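I have a structure here, written as structure tokens, and I will follow up with some questions on it.
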Amino acid sequence: MKKEFLVYIGILILAIILYFFVTEPVTFSPTVSLIIIGLIGLALVLIFVRTIMGKLVGRRTVFSFVAISVVVPFFMTVEQPIQTSPEVQSLYQAVLDLKPGSKVLVSFDYDPPSAPELQPMAETFFSLCLERDLRIIIMGLWPQGPQQAEMALQKVMDEPAIASKNYRYGIDYVNLGFQVGNEFVIQRMGDDISSMFQTDYYGTPYDSLPLMRNITNFSNIDFSFNLSAGYPGTVEWVQVAVDRYGVDLGAGNTAVQAPQMYPYLRAGQLKGLLGGLNGAAEFEKAAGRIGKGTKFMVSQSFSHVIVIAFIIIGNAAFFLGERRRKEEVVE
Amino acid sequence: MDAIGLWIGAFLTLGIMSFLYKDNPWYKLSESIFVGVSAGYWFITLFWDSIYSKFYIGVSQEGDNYLYVGAILGLMMLMRLIPKVGWISRWPLAFIVGAISGFYLINYFSSNIMRQVANTVMPLFSTDYGQSLFSASVGTIIDNILVAGGTFAGLVYFFFSKEHKGAFGATAKVGIWVIMVTFGATFGYTVMSRMSLLIGRMDFIFGDWLGLIK
Amino acid sequence: MDDQLYRQPVFRVFQIFLIIFTVLAGSIFAQDPAIGLTDSADVFVPAPPGAVKATDVVYDQGGAVDLEWELSPDDDGSLKVSGYYICRREVGGEDYRLVDSVMAGVRTFVDETVEQDHTYQYMVAVNGDCSTAPSEESNSITPDMEWLNFGLSNLFIIGLVICGSVIYFIAHAKRGKKFFIRKIAGLEAVDEAIGRATEMGRPILFVPGILDMDDVQTIAALTILGRVSRVVADYDTKINVPVSRSLVMTAARETIKSSYMAAGRPDAYSDDMAAYITDEQFGYVAAVDGMMVREKPATCFLLGAFFAESLILAETGNSIGAIQIAGTARPAQLPFFVAACDFTLIGEELFAASAYLSGEPKQMGSLKGQDVGKAIAMVFIVLGVITTTLAQAWDIGVFTWISDLLHDLFQVTS
Amino acid sequence: MRREVPLIITAVVGIVFVIQYFIPHYPFNQLNSWFSDWFSIIGACAIWLGALNLIKISADKIYRKRAGWGYAVVIILSFLVITLIGLFEGESFRDFGTKFDWMYRFVYTPLASTMFALLAFFVASASYRAFRARNLEATLLLLAAFFVMIGRVPVGDAIAMKLSIPEVIYPSGVAVWIMNVINAAGQRAILIGIALGIVSTSVRVILGIERSYLGGD
């Protein structure tokens, strides 16, 4: 018990030092970066040897490797080329094909835990829409969604290129807020959007929003985009909005559920798909924008390499061990 | 105010992370806070978004009296807290279950069965239905065959009322391979997702809180 | 509607011009627009399009109108005609307003901006270089909502077949008919896994997921627990069932007890075989983890609904060298089980297993019914792909007919 | 009374939702909209039930002085704090700068995100200690996972370039292919399978054959 509290205090002191005394952002020079990468590699080799000798390293060792592989790249300066995959490209194209003034419905169906993956997508999508003078209608099937939308919109609006266009709320974009009822909300919107959103996020009555005045249901919406982290989300939008009301839908998903969307993508029920942080990065690439997606790709790459390395090490050890066992049997 | 917030956020983040070392008081404390706060969060959200804006406003301003039925059913739901009359909560529960069933029955049937089958039915040698023959590249032809065949084989694997023998068994084998590759993809994406979340947290710790990242 | 032409600003000018014009046309030259125009200007004026026919779109919610008209004689592919404007007015109401525009050579349009139970009239104006000629007024039309959506009858029929077969087979099974269910790898392994545990004199760990009794997976898991504990009772091995829900604990105890009864060893049963740990996810995991490391079970069953903990449990079980038989219907967790466990019941296999073991009509029947559904899907995929391909290849009438039929059968018209 | 009424309710509601799809006409569209409004109200109460139940259990823990009852106190306190704040904030409780929003951003968000982030670590250690190509299935799975993981991040192609691997089998290309072809096929099969499962369950529920949701027979 005592020991634990000593550890806690240690962490606290470290935090205070870093918080108050290290005020400048830290960055490693390329050489330092290379050295660190080299050291990590070396450590992995050592683990490999140990494992083959039949001594698995402990869980906590692996944990620390993951932490390093994620954190260290933050301070590195590494450039890497990003390829945009077809599903991302097609979403980008779908947005490009919209005439200026087209009405785009964006549904925010996620909460902060998934924000690291989806927030960059939201920002890029907004900036793309606003650059092309599209009208944005925001809603959310998750209570936290509209809030995330506000954050993303604020960030984009502050960018000089967008700010100069001085878009006005209610005319160029609205935030209808959250509505309970999951897929039932989508279904009702198919007949009458105002029946589900009597007021917007700020309590303004639906009818007094100029943008919404001649929007009755999905047939007045030109394109829909859905950022989803689970249920209700893209599946529900496809099932109700696309299959029942023939909406054009694009989607951004957390990587966890992205693979399940490919049948819909292939069937044309989805116009395009962004999967996870790298989907966001690719979208940023397509839209010619540097956001968190691109920034974090280095950490992402590193962590993947680490996981793969561990899988390989583990299996190599496994099979060598097998052989050794067999040989013993032979002798 | 935000500075304090950052410290609290960091405290809780590290608290949860400390589970990686072992189950300890700091983790337990953070977890309990999480349990309480998230329950409270939903409590409030639904109070304002549903009970207030849907029921109260609906009744008092639009005069939709039919909403009272919903409210009564909702109260019945809460009756479960009182063991004596708890059984009444089955009524609203039945309503929920019925609504979900009816809705799913149609949706899953139309989008996940009808449409998926319809979309699997594609000419193998053409880019699309109605396109001229061999309009597709060799690659596309192979893909078409793989998708159609793979879907079929996958279904065969999940077919339970026939022994996996002979040609049927062979197809089932292919099916399980396809499904395994699919799982591999899911696996990869899950890892990706978790890593992204971790990156997000670390960004919070080292960027937002400690300000070490530019 | 959105082709290059439409995007050009000059086109917008035309639209504005047209709105003014049609208003005039509607009011002044309503009787004979063409003449009126030729008098006014010596520019080329295309002959107006012929009769405009408006019909209500069927099977909708009354929100759309089909338009059809005869092309203007001058619309002969030469560039004299650049397109048509569709104008609409509410009968007894305002003047004609522009709804939309289409390219030359187009003779149909669907107006989705109408409202149910309002009566409309249409007018289609052909558009020359810088002149337009409106057609006669169309018949007046009142978009309406139909009673039955015949556009979905195919869906209805197939749905009926599948649901029907589910019900049929359940009824059949209730009458005591036994159905064949194929071998399931995981189940085959149960006996030997338990046997191994007995030899090694180590206990068996059974984790029924972390969801409550209201989840099908938990129920399926407990069915399998029944079978497992039966064998355990016979072999006289030790079994531990840590659970994270109090309800599941009671259910699990009942299950184990009854199998010990069935094995004729009620004396060997004790309540602490199934113990409640805690509802909190990671707290539960930590506890079970410790249990594994301490007692080193020879066999771990991880069956039911799992989330993050699937990884931790599978890993620990692996590190203590236990045989692991896992199963869940949660797609996100299945990959981890497959990679980390010796046998995995994939999705439906879990339910199939429990149906197979329990022989309960409800489960048996619906499993069979679902197989009918799969059979239908498989047949249609094979037939459809072959016929469509052949139809595309050599355009043989019968194949074309079949493939079209299949397409119509599975097309969901939304 | 305790069993029949619920079964009738389920049947009626379920059937109305099915019919409404085929007959989008009064009275079914009317009923449909009523039901979906009721649904959201009941849904809210259902979640309340969960929250209140949690408090009940924790309170009980404290009362009985069970192990770790201190944490139960924490649970109740944190619940009360956010609830009271939320109630006093009023309708616009979610706006920027409100106390509720503050708690949401600095207490709820970090906790929830970190809970998920923990998995990153577990995945890694599991891939080292547990994920083995022990049979053909597992091997296929791990291979696919390998290509997707390496192919979906830029580093994959960077490495491929270094090793001057032919363009056709660049990880990114392979990953895209796996996702769009094999994965699409597999997911489709799984989708159809799951959908059939849901359909048959729904039929059973609506017809009252499946009653386990009423708490067993």
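The values are calculated or read from the model by the stated rules, or taken from the named source; none is laboratory data. Note that the structure is a prediction, hence the values are computed from the model and not measured. With ideal geometry, Cβ positions are generated from the backbone for all residues, glycine too; neighbour counts draw on all protein chains shown. Just so you know, the surface numbers come from the protein's heavy atoms only, side chains and all, with ligands and any DNA or RNA stripped out. Shrake-Rupley method; radii C 1.70, N 1.55, O 1.52, S 1.80 Å.
Out of the residues in the stretch C:219-252 that are open to solvent by 60 Å² or more (accessible area, probe 1.4 Å) and assigned to a helix (DSSP H, G or I), state the one that is nearest to residue C:201 (Cα to Cα).
C:235
Of all residues being farther than 13 Å from residue A:107 by Cα and open to solvent by 10 Å² or more (accessible area, probe 1.4 Å) in the stretch A:133-156, which is farthest from the other protein chains (Cβ to nearest Cβ)? Just the residue, please.
So the residue we want is A:135.
Please find, within the stretch A:273-295, the residue that is farthest from the chain's Cα centre (by Cα) out of those that are surrounded by fewer than 24 Cβ atoms within 10 Å (Cβ to Cβ) and small (Gly, Ala, Ser).
A:288
On the basis of being closer than 17 Å to residue B:213 by Cα and open to solvent by less than 40 Å² (accessible area, probe 1.4 Å), does residue A:32 make the cut?
Against the criterion (closer than 17 Å to residue B:213 by Cα and open to solvent by less than 40 Å² (accessible area, probe 1.4 Å)), residue A:32 does not qualify.
For the stretch D:141-153, does any single residue satisfy the condition of being on the phi > 0 side of the Ramachandran plot and more than 7 Å from every other protein chain (Cβ to nearest Cβ)?
Within the stretch D:141-153, none of the residues are on the phi > 0 side of the Ramachandran plot and more than 7 Å from every other protein chain (Cβ to nearest Cβ).
This table checks each residue for (1) free of Cβ contacts under 8 Å to residues at least 24 places away in the same chain; (2) touching a Phe, Trp or Tyr at 6+ places or on another chain (Cβ under 6 Å).
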residue	(1), (2)
A:213	yes, no
A:218	no, yes
A:257	no, no
A:291	no, no
A:310	no, yes
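Can you find even one residue in the stretch D:175-195 that is in a loop (DSSP other than H, G, I, E, B), without any contact (Cβ under 8 Å) to a residue 60 or more places away in the chain and within 7 Å of another protein chain (Cβ to nearest Cβ)?
There is no residue in the stretch D:175-195 that is in a loop (DSSP other than H, G, I, E, B), without any contact (Cβ under 8 Å) to a residue 60 or more places away in the chain and within 7 Å of another protein chain (Cβ to nearest Cβ).
To continue, here is another question. Go through the stretch B:7-48 and report how many residues are more than 7 Å from chain D (Cβ to nearest Cβ) and under 26 Å from residue D:93 (Cα atoms).
Adding up the residues that qualify gives 6.
Further, regarding this structure: Tell me the residue from B:12, B:46 that is in a helix (DSSP H, G or I), of a type outside the set (Ser, Thr, Tyr) and farther than 21 Å from residue D:51 by Cα, please.
Exactly one of B:12, B:46 is in a helix (DSSP H, G or I), of a type outside the set (Ser, Thr, Tyr) and farther than 21 Å from residue D:51 by Cα, namely B:12.
So if I check each of B:175, B:139, which one is more than 30 Å from residue D:124 (Cβ to Cβ) and surrounded by fewer than 17 Cβ atoms within 10 Å (Cβ to Cβ)?
Answer to the selection: B:139.
Next up: Which one of these is more than 10 Å from chain B (Cβ to nearest Cβ) and either within 24 Å of residue B:109 (Cβ to Cβ) or in a helix (DSSP H, G or I) (or both): C:400, C:387?
C:400
Applying the selection to the stretch A:209-234, what residues are open to solvent by 30 Å² or more (accessible area, probe 1.4 Å) and out of contact with any Asp or Glu (no Cβ under 9 Å at 6 or more places or on another chain)?
Passing the criteria: A:210, A:214.
Filter the helices (runs of 4 or more DSSP H) completely within the stretch A:29-137 down to those with at least 3 residues that are under 27 Å from the mean Cα position of the chain (by Cα).
A:59-71, A:86-96, A:115-131
Please state which one of A:171, A:221, A:215 is within 30 Å of residue A:113 (Cβ to Cβ) and more than 9 Å from chain D (Cβ to nearest Cβ).
The unique qualifying residue is A:221.
A follow-up question, please. Taking residue C:344 as the residue in question, decide whether it is in contact (Cβ under 8 Å) with a residue 40 or more places away in the chain and among the polar types (S, T, N, Q).
Yes, satisfied.
Please specify each residue of the stretch A:168-180 satisfying the condition of being surrounded by 22 or more Cβ atoms within 10 Å (Cβ to Cβ) and not aliphatic (A, V, I, L, M).
Residues satisfying the conditions are A:173, A:175, A:177, A:178, A:179.
Looking only at the stretch B:75-91, count how many residues are at the interface with chain D (Cβ under 7 Å from one of its Cβ atoms) and open to solvent by less than 20 Å² (accessible area, probe 1.4 Å).
1
Also, quick follow-up: Please find, among B:51, B:100, B:72, the residue that is modelled with pLDDT under 90, more than 7 Å from every other protein chain (Cβ to nearest Cβ), open to solvent by 30 Å² or more (accessible area, probe 1.4 Å) and assigned to a helix (DSSP H, G or I).
Result: B:100 is the single residue among B:51, B:100, B:72 that is modelled with pLDDT under 90, more than 7 Å from every other protein chain (Cβ to nearest Cβ), open to solvent by 30 Å² or more (accessible area, probe 1.4 Å) and assigned to a helix (DSSP H, G or I).
Can you name the residue in the stretch B:54-66 that is assigned to a helix (DSSP H, G or I) and over 29 Å from the mean Cα position of the chain (by Cα) and is also farthest from the other protein chains (Cβ to nearest Cβ) among such residues?
Only one residue fits best here, namely B:60.
If you don't mind, another one. For residue D:158, state whether it is open to solvent by less than 10 Å² (accessible area, probe 1.4 Å) and under 24 Å from residue A:310 (Cβ atoms).
no
Another question about this same structure. Go through the stretch C:332-348 residue by residue and tally those that are surrounded by fewer than 24 Cβ atoms within 10 Å (Cβ to Cβ) and under 30 Å from residue C:174 (Cβ atoms).
The total comes to 2.
Something else: Which residue, of A:180, A:238, A:247, is closer than 30 Å to residue C:111 by Cα, within 24 Å of the chain's Cα centre (by Cα), assigned to a loop (DSSP other than H, G, I, E, B) and of a type in the set (Val, Ile, Thr)?
Only one candidate passes the filter, namely A:247.
Let me ask something else about it. Can you find a residue that is open to solvent by less than 30 Å² (accessible area, probe 1.4 Å) and farther than 30 Å from residue A:316 by Cα anywhere in the stretch A:55-74?
Taking every residue of the stretch A:55-74 in turn, at least one turns out to be open to solvent by less than 30 Å² (accessible area, probe 1.4 Å) and farther than 30 Å from residue A:316 by Cα.
Identify, please: which residue in the stretch D:56-93 is at pLDDT below 90, facing chain B (nearest Cβ under 8 Å) and open to solvent by 20 Å² or more (accessible area, probe 1.4 Å) and is, among those, nearest to the chain's Cα centre (by Cα)?
Top of the filtered list is D:56.
Next up: (1) surrounded by 12 or more Cβ atoms within 10 Å (Cβ to Cβ); (2) assigned to a helix (DSSP H, G or I); (3) without any contact (Cβ under 8 Å) to a residue 60 or more places away in the chain: which one isn't true of residue A:6, the others all being true?
Answer for residue A:6: the failing condition is (1).
To continue, here is another question. Evaluate the following for residue C:399: is it open to solvent by 20 Å² or more (accessible area, probe 1.4 Å), within 23 Å of residue D:190 (Cα to Cα) and among the aromatic types (Phe, Trp, Tyr)?
no
Kindly provide the set of residues from the stretch C:196-218 that are assigned to a loop (DSSP other than H, G, I, E, B) and not β-branched (Val, Ile, Thr), ordered by number.
Residues satisfying the conditions are C:201, C:202, C:203, C:208, C:209, C:211, C:212, C:213, C:214, C:215.
Please determine, by comparing only the residues of the stretch D:182-206 that are within 15 Å of residue C:165 (Cβ to Cβ) and not hydrophobic (A, V, I, L, M, F, W, C), which one is farthest from the chain's Cα centre (by Cα).
My answer is D:204.
Okay, moving on. Any residue in the stretch D:99-119 that is within 26 Å of residue B:196 (Cα to Cα), at pLDDT 90 or above and small (Gly, Ala, Ser)?
Checked against the condition, which is being within 26 Å of residue B:196 (Cα to Cα), at pLDDT 90 or above and small (Gly, Ala, Ser), the stretch D:99-119 yields no hits at all.
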